[in-house]
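Heads up: the structure comes next, in structure tokens.
The values are calculated or read from the model by the stated rules, or taken from the named source; none is laboratory data. All of these numbers come straight from a predicted model, not from anything done at the bench. Virtual Cβ from ideal backbone geometry, glycine too; neighbours counted across all protein chains shown.
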Ligand code: AMP
Ligand code: MG
């Protein structure tokens, strides 16, 4: 059944856009080849598709179908100056999507692809301006997920941002994709939870030295170790300040933001988080605390809701639960949330970037 939807801010010839969504459920490791065959043909004919990757779900269109790429922006309500990531499944795809690839990048790819690292390179001729927002550079990655891999093997390169409505946390579960994209996309391939639950790391290799544009699932330490040179990490990439210019174009937009105000307390001591919670309690606010499993007891009897994102000893667990936590915050019936901070090592850098970008206030 088609569902009528209204895409705010988008004028669709004065009528609401209606999209009939075909939903397929597949096994994440052994997807049914006949399903992939059908959706591959649909994508090549210009349909848009939600598909799983190891990081988050993507909303993809063939790079050979610029009109389908334009529909991605409408479906997500995404500003058209925010470029997409090109997803490939073989190194040969690079020959048409990028040019002037440095030797060090080829060596890096050899070791980390398929995997959650996106490279910004000089753009190749097959990538249309709809995907790059007209920039001379292009962001490319090779996802490590059997469904994405098999799909792209058949369709060729897909231009795909995360499959959330703009501003919301990226989708990492079946529930998230159905909530955000049913009725907006032609096809959904549901393969259950994604693996990392946080987006790819983006490094700009079109400049020297390379610069971290967005921390993500691939630890930046691993990249610098392989390259043998430092990658520039700025306050923008750590999520403290929004990029004023087109450093990473998407960065100037607010992300992951729940409607509930969120305070991030940067000191590592739970007592400091408790102090903030107590002062909010004096203002008669209903409070949620986002904490690690180790600190739960500290807040018991003091705040209204305690949300555990995982163990401080396993930041991969915290990363995986983070977006579900941010999405659920608004359903808890609290006035304000206070989050602990996590060590900025490995995937912790991405966790802190997302928390800061979701916050209304940071207490240093
Ligand atoms: P998403 O997949 O939704 O996380 O969005 C892709 C992100 O990749 C964008 O928000 C940009 O920050 C980044 N990106 C894509 N293309 C480029 C590019 N050519 N230069 C810098 N960043 C890019
Ligand atoms: Mg996104």
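Specify which of the listed residues (274, 280, 315) is closer than 23 Å to residue 162 by Cα, more than 16 Å from ligand 2 (Cβ to nearest atom) and either at pLDDT below 95 or crowded, with 16+ Cβ neighbours inside 10 Å (or both). Please lay out each step first, then the result.
Values: 274 fails: closer than 23 Å to residue 162 by Cα; 280 fails: closer than 23 Å to residue 162 by Cα.
Only one candidate qualifies: 315.
Go over the candidates 223, 189, 195, 177 one by one and state the one that is under 20 Å from the mean Cα position of the chain (by Cα), modelled with pLDDT of 95 or more and either within 15 Å of ligand 2 (Cβ to nearest atom) or within 17 Å of residue 69 (Cα to Cα) (or both). Only one candidate qualifies: 177.
In the range 218-233, which residue that is assigned to a loop (DSSP other than H, G, I, E, B) and in contact with a helix residue (DSSP H, G or I) (Cβ under 7 Å, 6 or more places away or on another chain) is farthest from ligand 1 (Cβ to nearest atom)? Let's see the steps before the verdict.
Filtering the range 218-233 for residues assigned to a loop (DSSP other than H, G, I, E, B) gives 218-219, 228-231, 233.
Cutting the leftovers down to in contact with a helix residue (DSSP H, G or I) (Cβ under 7 Å, 6 or more places away or on another chain) gives us 218, 230-231, 233.
Values: 218: 14, 230: 19, 231: 14, 233: 15 Å.
Once the filter is applied, the top-ranked residue is 230.
Residues of the range 186-214 that are in a loop (DSSP other than H, G, I, E, B), in contact (Cβ under 8 Å) with a residue 60 or more places away in the chain and more than 18 Å from residue 143 (Cβ to Cβ): 186, 205, 206. For the range 274-320, filtered to residues that are assigned to a helix (DSSP H, G or I) and in contact with a helix residue (DSSP H, G or I) (Cβ under 8 Å, 6 or more places away or on another chain), the residue that is nearest to residue 55 (Cα to Cα) is 319.
Across the range 68-86, the qualifying residues are those that are under 18 Å from residue 136 (Cα atoms), buried (at least 18 other Cβ atoms within 10 Å of the Cβ) and more than 13 Å from ligand 2 (Cβ to nearest atom), and the one among them that is nearest to the chain's Cα centre (by Cα) is 86. If you filter the range 38-59 down to residues that are within 10 Å of ligand 1 (Cβ to nearest atom) and either part of a strand (DSSP E or B) or without any contact (Cβ under 8 Å) to a residue 12 or more places away in the chain (or both), you find that the one that is surrounded by the fewest Cβ atoms within 10 Å (Cβ to Cβ) is 58. Residues of the range 240-271 that are at pLDDT 85 or above and in contact with a strand residue (DSSP E or B) (Cβ under 7 Å, 6 or more places away or on another chain): 260, 261, 262, 263, 264, 265, 266. Consider residue 29 carefully, then state whether it is more than 13 Å from ligand 1 (Cβ to nearest atom), surrounded by fewer than 16 Cβ atoms within 10 Å (Cβ to Cβ) and part of a strand (DSSP E or B). So residue 29 does not fit the description; no. Residue check: residue 167 meets all listed conditions (1) away from ligand 2 (no atom under 16 Å from the Cβ); (2) surrounded by fewer than 22 Cβ atoms within 10 Å (Cβ to Cβ) but one, namely (1). Pairs meeting the criteria (first residue in the range 74-90 and in contact (Cβ under 8 Å) with a residue 24 or more places away in the chain and on the phi > 0 side of the Ramachandran plot, second residue within 12 Å of ligand 1 (Cβ to nearest atom) and assigned to a loop (DSSP other than H, G, I, E, B), beta carbons under 9 Å, at least 6 apart or on different chains) are 77/165; 77/166; 77/167.
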